[in-house]
Amino acid sequence: MAKATVHVTLKNGVLDPQGKAIQHALETLGFSGINGVRQGKYIELDLAETDSEKTQSAVTDMCEKLLANTVIETYRIEVSE
Amino acid sequence: MKSAVIVFPGSNCDRDIAVTLEKVTGQAPAMVWHRDSTLPEGLGLIAVPGGFSYGDYLRSGAMAANSPIIADVKKKAEAGVLTLGICNGFQVLTECGLLPGALIRNRDLKFVCRDVNLSVERTDTAFTGKYTGGQVIRIPVAHHDGNYFADNETLDRLESNGHVAFRYCNDNGKVADEANPNGSARNIAGVFNETRTVLGLMPHPERLADERLGGQDGVPMFESLLEQLS
């Protein structure tokens, strides 16, 4: 069994109004020195495959086909045993 | 004119467009459930309706774009069958790759539900032939993720090839930032594919196609399709 985690975030240059709203809220709470906030998604996958290379390649395929929209998002995959 | 409306769990404008299609063309569309694998033969128009398919899970339109019926929608659209995606339908068509770009969260984070002005960018298409050049029409929008995004290269290409269908504008037809309800790049409200046989737009022409509902500015789109297909 392998576990894969996927972080999906908006590409640089794509407006993230939610990130901006979070930043404003943090500043309202008195937190200072925040240069930027970007919000993304975190996805956990429990997989039957044990080979980590195969897992990596399968999850990449999942990201390209569904988990991320590569027009606006990038993704980062981590595989653990 | 034979048409089909795709119905997903969470579609909520499927009946609006069915009523409008029947009213304008005299023929009720086939309502096709997303789990079906083939569309009826001999279709002139495929309509992908507005709504919140799959509760907008993951991204608006992402789940619907991978529904069983979409393979046949893509096949027929690529073969030239006219295809219209409205609101969530536009999101589905970008997610499945029939149209360029993506629809992201509105600039001010608010769900926008009101009438907007649109400039009709060109009238030599199957969808817009009954409008007049430079016409300003009033059509309602109702969306949370309507902010059209594409990289600059894609936007330049859309503009230079004449693939922008509608832009948000003010009463006088001026394309201005204050007339942009959601932050869409270059005020784009709707785009065509390369062959102008697929149209996606965020505003709802099917919701303003009856005088009893306050206006008929949506009707010419369906009359254009009828003329094209009869």
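The values are calculated or read from the model by the stated rules, or taken from the named source; none is laboratory data. What you are looking at is a predicted structure, and each value in this text was computed from that prediction instead of being measured. Every residue, glycine as well, gets a Cβ built from its backbone with ideal geometry; the counts of neighbours run over all protein chains shown. When the accessible area is computed, the model is the full protein with side chains, heavy atoms only, and any ligands, DNA or RNA have been set aside. Shrake-Rupley method; radii C 1.70, N 1.55, O 1.52, S 1.80 Å.
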- Message: Test of understanding: express the Cα radius of gyration of segment B:1-156 as a ratio to 2.2 N^0.38 Å, with N the residue count.
- Response: 1.03
- Message: Quick check: the distance between the Cα centres of segment B:1-15 and segment B:167-183, to the nearest angstrom?
- Response: 29
- Euclidean distance of C-alpha centroids, segment B:43-105 and segment B:204-219, integer Å: 23
- Query: Between chains A and B, what is the buried accessible area summed over both chains (1.4 Å probe, protein heavy atoms, nearest 100 Å²)?
  - Reply: 1200
- Between B:Arg15 and A:Thr5, take the C-beta separation as r, use R0 = 41 Å, and let me know the FRET efficiency to the nearest 0.05. 0.50
- Query: Taking θ as phi - 60°, what are the ³J(HN,Hα) couplings along segment B:105-114 by the Karplus curve (6.51, -1.76, 1.60), each to the nearest whole Hz, with x for Gly and Pro?
  - Reply: 3, 3, 3, 9, 6, 8, 6, 9, 9, 6
- Message: Can you give me the long-range amide H partners of B:Val116? Hydrogens built in the peptide plane at 1.01 Å from N, cutoff under 5 Å, separation of 5 or more residues or another chain.
- Response: B:Ile139, B:Val141
- Principal-axis tilt of helix A:17-28 within chain A, Cα atoms, nearest 10 degrees: 50
- Note on the structure: Comparing B:Ala71, B:Ala47, B:Ala102 in a Gaussian network model of chain B (Cα, 10 Å), the one with the largest mean-square fluctuation is B:Ala71
- Message: Run through segment B:32-135 and list the chymotrypsin sites (Phe, Trp or Tyr not before Pro) located in a DSSP loop whose Cβ has at most 14 other Cβ atoms within 10 Å.
- Response: B:Tyr57, B:Phe111
- Label points 7 Å out from Cα along the Cβ direction at A:Thr70 and B:Thr38: separation in nm? 3.2
- Query: Going through segment B:6-38, which trypsin sites (Lys or Arg not before Pro) have at most 11 other Cβ atoms within 10 Å and a DSSP loop state?
  - Reply: B:Arg35
- Message: Need one value for A:64-73: mean number of C-beta atoms belonging to other chains within 10 Å of its residues' C-beta atoms.
- Response: 5
- Query: What accessible area per residue comes out for segment B:3-229, rounded to a whole number of Å², with a 1.4 Å probe?
  - Reply: 39
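Of all accessible surface on segment B:1-154 at a 1.4 Å probe, what whole percent is carbon and sulfur?
Reported share for carbon and sulfur atoms: 49 percent.
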- Query: In debye, nearest 20: dipole of segment A:2-80 around its Cα centre with unit charges on the Cβ of K, R (+) and D, E (-)?
  - Reply: 340
- Note on the structure: Note, segment A:44-60: 3J(HN,Hα) by Karplus (6.51, -1.76, 1.60, θ = phi - 60°), whole Hz, Gly/Pro = x, goes 10, 10, 9, 10, 6, 4, 9, 6, 6, 5, 5, 4, 4, 5, 5, 5, 4
- Item | Interface residues, segment B:82-118 - accessible area loss of 10 Å² or more versus chain alone, probe 1.4 Å | B:Glu95, B:Gly101, B:Ala102, B:Ile104, B:Arg105, B:Arg107, B:Leu109
- Rounding to the nearest 20 debye, state how big the charge dipole of segment B:1-136 is about its Cα centre with +1 on each Lys and Arg Cβ and -1 on each Asp and Glu Cβ. 160
- Query: Comparing the chain by itself with all protein chains present, which residues of segment B:146-163 are at least 30 Å² less accessible (probe 1.4 Å)?
  - Reply: B:Phe149
- Task: Name the most mobile residue of B:Ser53, B:Ser119, B:Ser37, meaning the one with the largest mean-square fluctuation, in a Gaussian network model of chain B with Cα contacts below 10 Å.
- Result: B:Ser37
- Query: Once amide H atoms are built 1.01 Å from N in the peptide plane, which residues 5 or more positions from B:Ser184, or in another chain, come under 5 Å H to H?
  - Reply: B:Tyr148
- Message: Run the paramagnetic zone check for A:Arg38: 7 angstrom along Cα to Cβ, then residues of segment B:39-75 with backbone nitrogen under 18 Å.
- Response: none
- Item | Cut-off under 5 Å, modelled amide H: who pairs with B:His34 long-range | B:Val7
- Query: Which residues, if any, in segment A:1-41 have at least 40 Å² less accessible area in the whole protein complex than in the isolated chain, probe 1.4 Å?
  - Reply: A:Leu15, A:Pro17, A:Gln18, A:Lys41
